[in-house]
Structures are given as structure tokens and as C-alpha cells.
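A short worksheet on the structure shown next.
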Amino acid sequence: MKKSQRDYVRCIPHCALFRRENNHLKLMLVLVFVATSIQVLAAKPFAAFNVSGRVSDETGQPLPGVNILEKGTTNGTTTDSNGAYQMAVSDENSTLVFSFIGYTTQEIPIGNRAVIDIKLAPDTQSLTEVVVVGYGSQLKKEITGSVQTVTAKDLKDLPVSQVTQKLQGRLAGVQINQATGKPGQGMNVRIRGQLSVTGGSDPLFVVDGFPITGNIGSINPDEIEDITILKDASSTSLYGSRAANGVVLITTKKGRIGQTNVSFNTFAGFQQVPMKGRIQMMDAVEFAQFKKESYEDAGQPVPDVFQDPSQYEGKNNDWYDALLRTAPIQSYNLTVASNRDKVSTALIAGVFNQQGVVLNNEYQRYSLRMNSEYEISDKVSLGFNIAPSYVFDNTPRTDGDRGTGILFNALHTWPIMPIYDENGELTLFNRFPGNTGNIFAYANWVRSAEELVNETKTINLL
């Protein structure tokens, strides 16, 4: 074999190897090209449909910077300074997602529409993250003190007579107790416990930025928009030593932007002292038998009034129960609020009437609150807040110990003493022979409750 032929035979395997490697290289280049084409098609969908429109708020004002996204893709745009937008979508059956800070996100199907105008509604849940404190408004995450807020949503539909009753069981570290059963009264508020023995432990109440002193029972609970509690010592830097026991910030209702709302709220019911939990008292027969046996055990003669307990059969006199009644309670509130053309006004009128469970106890409250504000410019506004109220309270001295409290005296009055005489009239007083050991004359406590008057009429102007 010639030399050239030998060289040709020697190169055959190498040439075949080169052709195989070259085929692999071509295959790899084809796969890379296909993958790149797929990525390009995914990143830039084919624009088959154009959509345009305008986004505004609930008042019709344009919203710039609203994010608009084609659902399920990265295709999106934002509105310009006039709230207008224009974008190309892949399909006329796609869905557009509109989102903006402080407003509720909305998903709108295109439905083969070329123009889609939309109004975004405020997101009230997000707005609750803004807390009104004594020195302005702050985000919750920026507050360093101990602050807790209860909003109008938590306070509504609670049939109570006082603002503080709406807060019971809703605030950590705040104790709200009912000290008496008198209508319209008796709520003690303690923030983080009893802080003083002689100086008082009542917190400072601030209504719409104005500190008030005394009882806030005259405030109509239906006037409240939200309540914020400042619990720690940082509140003293705002209001001084008056805030040593904590601060209760009360914000009343105001008109909502671009809305005119009229609402009427009422409730009615009855109150009574349940039988469960009452002190179990002896009836007349049991009491006479008890006294008879006590004299016999002591070896003393039994007085005539106790010798025959059966004579009191059917003549039981439950003095405590005779002082109680089923008491009605009614509340009527009318709210008119408007906020249009730079003028915001809210008017809340309320009538509250509560009868006490003890005879002749009565509490009435007539309240009116008007919040009005006029926006002179973007930085200057003028307004006034007036809240007159009239309170009528008739509360005979039912609380107290012996000699002063009607209920206490009723519990200690013998059940054999008659409440009514033979003519069905209330007795003036009751006295038994001296040999019974009862040398005192007992007043008829039912008559006392009905005839004693302890009226107070108060006019408040907050």
C-alpha cells in the first residue's frame, strides 16, 4: 500500500470522531436557541388586546400611581397624574388587579371591554393601623409607649348607659368595675391597678383633645368614634401629673369624606335583680319559729308574738323583694353626618331613660353633640365642637349600712312586721312589745323609698 493510502486509512477514525462531536455541538446550539425563544415568549406575551381607563377614589378624584397588573402574569402598569392608564393584555378574557395603599384591592374581569373606569374604596382595616394619640396620629409600629385602641366597630350595638361600660373586658391591664347599681352611675376605671390610696386613681379623660374633669357618664356612648388608652408613664409628658393614672382619649364622630349619612339607633329592654344570688331570707313562719326556739333554749318566756308561729301563715313580708321592681330602659339616638365641599358636620342627638331596679330610682339624659369643621385651605381649617347635655337623676339613698341604706335596713327588718295594714295601705312604722327585745320603731322602707326624693338636675356643656 502506498504512503498516501496508508495516511488516508489512518485519518478515517479521527474524521468520524470529529463529525460525531460536530453533530453534538449542533444539537446543543439548537436546544439553547429553543430555550431562549421560550423565555422571550414568556417574558413578552403576545399583545392581543388593548385596555385603557381612569382610576379615581370614592369622591371621584383621580388617583395617581395605582398599580395595575394582569392577573397571573408580570404584565402591568401604573396610572399617571390624572389617574389614566393604558396597557396591552394577552387576552380579552384576562383579569386586571387594581391596588393602592390605603384602598381595597379590586379584581376586574376585562370581558372584551376596551375602556374600564374604576373607583377604589378606602380600606378601613388598614386605616385602623393609624392610632390617634395625645400628640397626633402615628402608625402602630412607630409607637414606643403602651397604647391600645378600641374602634367604633367594636363599640357599636352594645346597649349600655355609659361609655366605660363599652370597654369592659376589651382592654388589657384596664379594670372597669361597677361599684353600685344606681342607674347611670357607678363605673370605676383603673389602669394597671390602684395607684394611690388618698389621691384617687381615676384616669384623665380627654375628649377630642380637651381634658375634662369629673364623671363622663353624661357623654352619650353613641357619640364615640374610637377610644385610645395611654397606659404607661409616657402619657405624663403630654398632660403632666394629671395623667399619672393613665389617659383615656375619646374621639367623637365626624363626617366621612364625600358622604352624607343619616342613622337612627334605638334599643329598649328591662332590668331586674335575678333570684339567683340573692340572700335567702326566712319567711314569717320560719322567723317566728326561730325566735320561739331561741327563747325556749335560753330558758326565757316566749313573747306572745312568737308563741304561735302558724298565725303568720300566708302573711310573709319579704321587705327586700318589696323594694325591687322590673325596671324599663330605653335609648334613642339620631346621627346626621356630612362631609362635602370642604365642610364637615356631624350632629348626634340622644335621649336615654333608665328606671332603677329599686323603687323611685330614675335617670334621664338628653344629649346633643355637634362637630363642624370648615377647610379654609390645605393647611388651615376652622371648626367648633359643642356638646350640651341635661341629666336628671333621682336616687334615694339606697346604699349604705344600718340607719342610712334602705336596702340594708330592709334586709334586717323582721318578716313578721307588716308592709301593709288591714286597709291595704302602707304602714307608717312597725314596733313590737319591749319583751321581744326589739325596742326600736322600724320605718316602712317601701314607703321611705317611694316618698324620699333626692333629685339632681345637671346641665353640662363640654
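The values are calculated or read from the model by the stated rules, or taken from the named source; none is laboratory data. Because the structure is predicted, anything quoted here is derived from the model rather than measured. With ideal geometry, Cβ positions are generated from the backbone for all residues, glycine too; neighbour counts draw on all protein chains shown. Side chains included, ligands, DNA and RNA excluded: accessible areas come from the protein's heavy atoms. Shrake-Rupley method; radii C 1.70, N 1.55, O 1.52, S 1.80 Å.
Computing the accessible area with a 1.4 Å probe over protein heavy atoms, can you report the carbon and sulfur percentage for the stretch 241-381? Each step should come with its number before you reach the end.
Details: 4240 of 8200 Å².
Percent of accessible area from carbon and sulfur atoms in the stretch 241-381: 52.
Computed over protein heavy atoms with a 1.4 angstrom probe, the accessible surface ordering of 341, 154, largest first, is 341, 154. According to the Cα-based calculation, Rg over Rh for the stretch 149-284 is 1.04, with Rh computed by the Kirkwood formula. Given a 1.4 Å probe and the protein chains as shown, residue 115 ends up with an accessible area of around 90 Å².
Leaving out ligands and nucleic acids, note down the accessible area per residue over the stretch 329-398 with a 1.4 angstrom probe, in whole Å².
Here the per-residue accessible area is 48 Å².
Of the whole protein surface, residue 427 contributes about 20 Å² of accessible area at a 1.4 Å probe radius. Among the GluC sites (Glu not before Pro) in the stretch 263-328, those located in a DSSP loop and surrounded by at most 13 other Cβ atoms within 10 Å of their own Cβ are 313. Using equal-weight Cα scatterers in the Debye expression, the normalised intensity of the stretch 46-112 in log10 at q = 0.25 Å⁻¹ is -1.13. Look at the dipole of the stretch 232-284 built from charges on Cβ: of 261, 233, 275, the Cα furthest out on the positive end belongs to 261. Please report the carbon-and-sulfur percent of the accessible area for the stretch 45-105; probe 1.4 Å, protein heavy atoms only, DNA, RNA and ligands left out. Carbon and sulfur: 49 percent of the exposed surface of the stretch 45-105. Of the residues 71, 153, the one with the largest accessible area comes first in the ranking 153, 71, computed with a 1.4 Å probe on protein heavy atoms.
Efficiency by 1/(1 + (r/R0)^6): what FRET value for residue 154 and residue 188, r their Cβ-Cβ distance, R0 = 25 Å, to the nearest 0.05? Step by step, r from the Cβ atoms, then E = 0.75. For residue 265 and residue 115, the FRET efficiency from 1/(1 + (r/R0)^6), where r spans their Cβ atoms and R0 equals 35 Å, is about 0.25.
At the residue level, residue 315 shows approximately 120 square angstrom of accessible surface with a 1.4 angstrom probe and all protein chains present. According to the Kirkwood relation over distinct C-alpha pairs, the hydrodynamic radius of the stretch 209-314 is 21.1 Å. Ordered from largest to smallest accessible area (heavy atoms of protein chains, 1.4 Å probe), the residues 204, 428 come out as 428, 204. Calculated FRET efficiency, residue 237 to residue 447, Cβ-Cβ distance, R0 = 60 Å: about 0.60 to the nearest 0.05.
When the alpha-carbon atoms of the stretch 225-384 are used, the pair Rg, Dmax equals 29.6, 94 angstrom.
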